[in-house]
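Accompanying notes for the structure given below.
What follows is calculated from the coordinates using simple rules that are stated; it is not laboratory data. The shown structure was predicted, so the numbers you read here are calculated from the model rather than taken from an experiment. Neighbour counts run over all protein chains shown; Cβ positions are idealised from the backbone, glycine included.
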Amino acid sequence: MAADKNTFEIPDQMRDFAEKSVDQARKAFDDFISLTHKTVSNVEGSATVVQSGASDLNRKTLSYAEEHVDAAFRFAQQMVRAKDVEEMMKLQQDYVRRQMEQLGEQARDLSDTATRAAQDAAKAVKE
């Protein structure tokens with residue numbers, strides 16, 4: 001009987017509702033990203049040499065944001081399907097660890113990209 005008190009179960013209806021909500025949010029985000037990509041492409045069409053570095057930085061930033069949101073949606077779907085609290089805790093731990101690793105790598109990459117963009121802009125101004 002003690003095992004029953006420690007068991008945490010999510011009702012099927014709540015799981016279905018949560019999964020549908022995640023799917024709807026995912027679709028809305030995908031639509032938003034699609035429009036954002038179109039807008040970025042339009043802005044880049046008129047970019048100058050100085051703006052090209054900023055465009056690269058914008059594309060990378062947008063790409064990283066997409067990756068993080070995608071990971072969050074995958075995480076939400078995994079959490080909805082988790083069988084117990086132990087599995088939820090493991091999923092949370094793995095998610096946070098992966099996100100922190102990615103953030104470190106992406107911060108270094110963005111820093112390098114920003115430095116190159118600033119150097120290219122300085123060269124363009126000198127010329």
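A few notes on this one:
- Label-point separation in nm, ALA114 to GLN92, each point 7 Å along Cα→Cβ: 3.2
- Spin-label model distance (nm) - SER34 vs LEU57, 7 Å beyond Cα toward Cβ: 3.0
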